[in-house]
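A short write-up of the structure that comes next.
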Amino acid sequence: MSASVLITGANRGVGLALARHYHAAGWAVIGVCRSGGEEVAELREIAETLIEGIDVTRKEDVARLKQELAGRRLDLLINNAGLLQDEALGELDFDSIRTQMEINAYAPLRVTEMLLDNLGKGTRIANITSRMGSIADNDSGGRYGYRASKAALNAFGKSLAVDLKPRGIAVAQIHPGYVQTRMVNFGGMISAEEAATGIAQRIEALTLENSGGFWHSNGETLPW
């Protein structure tokens, strides 16, 4: 039986590249996304299971996800769905900051908790974070909502690693790199495919001994 991977935000960018990677490696891909129609055309071709219309910030949607996956083991959970917006000091948009917290931090924690029954000994969890969530690495300021939400995700992931270790479940926080995706108007330095390859390598290297770490997809350990 094929190993199974669930990827949120799997219809484009890094999420779709990860779906392609794991499909090519023979995994059963469970693609989860909010969109439908043409936006999921390729994902529909490569995912063994496609669950559309899931807004990971909505408790009822994540509950439906749990229901659709009842009794199914997940070998890998990749919390990938994310949002990047900008705010300028003096003109802070607190609704924007709140939305980024909901999507980037609270949603991965909500999804992970809701799917605990699907996780077991040997399962790995990868939270797709950002080095912009590093407090030590912040020397340019700005991006209040994005930085704070990713820092919160890192904190959640570290606690998950501690709490899930007795169950044999390892957790990683992985920065994909500066990726050429819609999130940054395709102005990144590496392709989504390159990022997916690096992320998969970090996941492969994840163990209970190094669980809870914060890594760049290129293997660099990042400061908190």
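Each reported figure results from applying straightforward, stated rules to the coordinates on display, with no laboratory input. Keep in mind that what you see is a predicted model, and the values were worked out from it rather than measured. Neighbour counts are summed over all protein chains in view; Cβ atoms, including those assigned to glycine, are modelled from backbone coordinates with ideal geometry.
When peptides 153-160, 138-145 are ranked by their average number of other Cβ atoms within 10 Å per residue, the highest-first order is 153-160, 138-145.
Judged by the mean number of other Cβ atoms found within 10 Å, the most tightly packed of the peptides 22-31, 90-99 leads the ranking 22-31, 90-99. In terms of surrounding Cβ atoms within a 10 Å radius of their Cβ, THR57, THR123 rank from fewest to most as THR57, THR123. With both labels modelled 7 Å from their Cα along Cα-to-Cβ, the ALA205 to ALA155 distance reads 2.8 nm. Under 5 Å between amide hydrogens, built in the peptide plane, is the criterion, and for SER4 it picks out ALA28, ASP75, LEU76 among residues at least 5 positions away or on other chains.
Ranking SER130, ALA195, LEU116 by Cα position along the charge dipole of the range 4-216, where only Lys, Arg, Asp and Glu carry charges on their C-beta atoms, puts LEU116 farthest toward the positive end.
As a proxy for reagent exposure, ranking ILE103, ILE51 by other Cβ atoms within 10 Å from fewest up yields ILE51, ILE103.
Cβ crowding within 10 Å, taken as a proxy for footprinting-reagent exposure, orders ILE199, ILE190 from fewest neighbours to most as ILE190, ILE199.
Between ASP55 and LYS165, the C-beta separation translates, for a Förster distance of 25 Å, into a calculated FRET efficiency of about 0.25. For a paramagnetic label modelled on GLU39 (point 7 Å from Cα along Cα→Cβ), amide N atoms under 15 Å away belong, within the range 58-86, to 58, 81-84. On the principal axes of its alpha-carbon atoms, the range 61-178 has extents of 49, 29, 23 Å, going from largest to smallest.
Listed peptides 60-66, 104-110 appear in the order 104-110, 60-66 once ranked by packing, highest mean of other Cβ atoms within 10 Å at the front.
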